[in-house]
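Engineer: For reference, the structure I am asking about is given below.
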Amino acid sequence: MITTTFSTISFRVVLFAMLWWVITEAAIDSWYIGVPVVAFAAWVSLVLLPGFSLSLPGILRFIPFFLWHSLRGGVDVAWRALHPQLPISPGMVDYRWRLPPGLARVFMANTVSLLPGTLSAELDESCLHIHVLDKTGDFSSELAIIEERVADLFALDLSII
């Protein structure tokens, strides 16, 4: 689990320090400026993106899930694009959130946008508005599965939300 603790702060400081080290090509004299910059960047990151939890098993389950759906969706979009009748029926689909507000919702919206044939158009308090290539499909069940995987990734229990 990754949470806002000493380990989270340490992780961010190390991450920004490594980034500074790479950007400055490991110049030792750059650390006079680098130390305050790294500290400031870590502080800003904590303000803008407070701690959150991630589940390692959730990450390991999400990666193959995402790769498989990307491949499957890419083949579907290519088939539609190359088909002589161009079988598309674009439209908008609304999906009612079960995820709590915050990073998990944004992650889900971005995940949906990265899958071929879908584009997250708008996030609001109650639902995610998605542009789809074929509105005749059963998107609610697919989106529910994605939401469950994202909840698993962020160590959230949708049954109590």
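Engineer: I'm trying to understand the selection: among the residues of region 60-100, which are charged (D, E, K, R) and either farther than 30 Å from D157 by Cα or touching a strand residue (DSSP E or B) at 6+ places or on another chain (Cβ under 6 Å) (or both)? Please lay out each step first, then the result.
Structural biologist: Residues of region 60-100 charged (D, E, K, R): 61, 72, 76, 80, 94, 96, 98.
Within region 60-100, D76, R80, D94, R96 meet the criteria.
Engineer: Given the conditions (1) surrounded by fewer than 16 Cβ atoms within 10 Å (Cβ to Cβ); (2) in a loop (DSSP other than H, G, I, E, B); (3) not hydroxyl-bearing (S, T, Y), which single one is not true for M92?
Structural biologist: Condition (2) is where M92 drops out.
Engineer: Still on this model: Determine which member of the set T136, T111, T118 is surrounded by 15 or more Cβ atoms within 10 Å (Cβ to Cβ), in contact with a strand residue (DSSP E or B) (Cβ under 8 Å, 6 or more places away or on another chain) and in contact (Cβ under 8 Å) with a residue 12 or more places away in the chain. Steps first, please.
Structural biologist: On the way: T136 fails: surrounded by 15 or more Cβ atoms within 10 Å (Cβ to Cβ); T111 fails: in contact with a strand residue (DSSP E or B) (Cβ under 8 Å, 6 or more places away or on another chain).
Step by step, each of T136, T111, T118 is checked, and only T118 is surrounded by 15 or more Cβ atoms within 10 Å (Cβ to Cβ), in contact with a strand residue (DSSP E or B) (Cβ under 8 Å, 6 or more places away or on another chain) and in contact (Cβ under 8 Å) with a residue 12 or more places away in the chain.
Engineer: In addition: Do we find that E148 is out of contact with any Pro (no Cβ under 9 Å at 6 or more places or on another chain), assigned to a helix (DSSP H, G or I), at pLDDT below 90 and not aliphatic (A, V, I, L, M) in this structure?
Structural biologist: no
Engineer: Condition check: among the polar types (S, T, N, Q), in contact with a helix residue (DSSP H, G or I) (Cβ under 9 Å, 6 or more places away or on another chain) and within 19 Å of R61 (Cα to Cα). Does T118 satisfy that?
Structural biologist: Criteria not met by T118.
Engineer: Considering only region 1-40, state which residues are surrounded by 11 or more Cβ atoms within 10 Å (Cβ to Cβ) and of a type in the set (D, E, K, R).
Structural biologist: Matches in region 1-40: R12 only.
The values are calculated or read from the model by the stated rules, or taken from the named source; none is laboratory data. Keep in mind it's a predicted model, so treat the numbers as computed, not measured. For neighbour counting, all protein chains shown are included, and Cβ atoms are generated from backbone atoms with ideal geometry for every residue, glycine included.
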